[in-house]
Amino acid sequence: MDFAFDARTEELRERLLAFMDEYVYPAEPVAAEQRARLASPWDTPAVFGELKAEARRQGLWNLFLPDAEHGAGLTNLQYAPLAEITGRSPHLAPMATNCAAPDTGNMEVLAQFGSEEQKKQWLEPLLAGEIRSAFAMTEPEVASSDATNIETRIERSASGGGADEYTVTGRKWFISGAMNPDCKVFIVMGKTDPDGTDPRRQQSMILVPRDTPGVEVRRAMTVYGYEDHDHGGHAEVVFDGARVPAANLIGEEGTGFAIAQARLGPGRIHHCMRLIGMAERAVELMCRRAVGRTAFGKELAAQGVVQNWIADARVTVEQLRLLVLKTAWLMDTVGNRGAHTEIQAIKIATPRAVVRILDDAVQLHGAGGVSQDFPLAELWAAARTLRLADGPDEVHQRSLAHRELKKYAGRS
């Protein structure tokens, strides 16, 4: 395994680091000031458009997509250090470079499974950053950690004119990005065959435009009190008999579960890549605070407990980065299925460890750490949420343990 950065990765890293220093970090307070003056908190501050235009001008655009036809054509191993850099400003940098979830996963789905018509109507404007999208899977009435529980119905019928249609009925929540007025389409997961014998063939995915009659974006769900305006919020969405053409089905009936798994594999590693960037920013903020603050007659940097926090954080970040790079390398060389154990391992380990680093950083900053004057509290909330997103820790632990135990079945 060779994790050294190749020439293209190194060149992109240097350009992206410069972009962060020159444009992204200075834009953080500007975005907050502009948002306070907007007519709606869900409107997009003007500085976002400026950042996107500059990122595109510099060729720092769609870096996540390995498909060279539609994206930058980078491998997972090449993209990993770039995603880490954008993770240092997770509410601005991914959006600025058109590498923000849930659009990234939706673009991957459309690029891999979408029809030519679907690609033209939805993928092309997403790739251009002209619209946003949302992925509607999680439901409030069932344990959505088990996707076979999903109750939303996607039923085929004929319209009054005889054309084939699907009717979508169900209630979703924590649908990221849905509050943003630029969110124009949902990829909805629901059941087309709820009585099918194979629970993993009951689900399908379908495209539902936001302006479809019967679609109601009901409210924003807060995350530890944050509404995540820059991300587009996390909405409760009701589909009340929303009718769309049969051509909006992605792939075939019964392939929704498989498409979801294909979507979530890259999504999980992208989250972990960005989490490492969040941890690096926390370490930087801890060090700056430690050398610039005095308590009880000496710098915080001289306090043993502070030194322990910083040392432990550095060791943890290095461990996590190596595991993520190994996972990226395996995904590139043996595919997502061959890297299943490692994908689950990073999904378990990274959010947990980064939450701890951020918690120590908050502690070091005292009251400031839980305030809006530093990014730490919001970063902590985002990292803690990722212990649930894309499958909670316990689901991945269960699956990973079964795989390990299977190696020893029948040996005792």
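The values are calculated or read from the model by the stated rules, or taken from the named source; none is laboratory data. Computed from a predicted model, the values in this text were never measured in an experiment. No Cβ is skipped: glycine too gets one built from the backbone with ideal geometry, and neighbour counts run over all protein chains shown.
Only one entry of 15, 56 meets the criterion of being part of a helix (DSSP H, G or I) and either in contact (Cβ under 8 Å) with a residue 60 or more places away in the chain or touching a helix residue (DSSP H, G or I) at 6+ places or on another chain (Cβ under 8 Å) (or both), and that entry is 56. For residue 329, state whether it is more than 20 Å from residue 267 (Cβ to Cβ) and either aromatic (Phe, Trp, Tyr) or touching a Ser or Thr at 6+ places or on another chain (Cβ under 6 Å) (or both). In short, no. The numbered conditions (1) buried (at least 17 other Cβ atoms within 10 Å of the Cβ); (2) among the polar types (S, T, N, Q); (3) over 18 Å from residue 87 (Cα atoms) are all true for residue 350 except (3). Would you pick out the residues in the range 94-153 that are aliphatic (A, V, I, L, M) and assigned to a helix (DSSP H, G or I)? Those that are aliphatic (A, V, I, L, M) and assigned to a helix (DSSP H, G or I): 95, 96, 107, 109, 110, 111, 123, 126, 127, 147. Counting only residues that are β-branched (Val, Ile, Thr) and either surrounded by fewer than 23 Cβ atoms within 10 Å (Cβ to Cβ) or outside any strand (DSSP E or B) (or both), the range 231-248 holds 2 of them. Would you call residue 383 more than 30 Å from residue 300 (Cα to Cα), under 23 Å from the mean Cα position of the chain (by Cα) and of a type outside the set (S, T, N, Q)? So residue 383 fails the test. Counting residues in the range 88-97 that are surrounded by 23 or more Cβ atoms within 10 Å (Cβ to Cβ), in contact (Cβ under 8 Å) with a residue 60 or more places away in the chain and in contact with a Gly (Cβ under 6 Å, 6 or more places away or on another chain) gives one or more. Among the residues making up the range 224-239, those that are modelled with pLDDT of 95 or more and either under 16 Å from the mean Cα position of the chain (by Cα) or outside the structural domain of residue 153 (by TED's automatic domain parsing) (or both) are 233, 234, 235. Is it true that some residue in the range 369-377 is assigned to a helix (DSSP H, G or I), within 29 Å of residue 175 (Cβ to Cβ), touching a residue at least 12 places away in the same chain (Cβ under 8 Å) and not assigned by TED's automatic domain parsing to the domain that holds residue 139? Yes, the conditions are met somewhere in the range 369-377.
Yes or no: residue 116 surrounded by fewer than 17 Cβ atoms within 10 Å (Cβ to Cβ) and closer than 30 Å to residue 97 by Cα? Judged against the criteria, residue 116 is a match. None of 139, 130 is closer than 21 Å to residue 56 by Cβ and acidic (Asp, Glu) except 130. Screening residue 67 on (1) under 23 Å from residue 327 (Cβ atoms); (2) assigned to a helix (DSSP H, G or I) shows it passes everything except condition (2).
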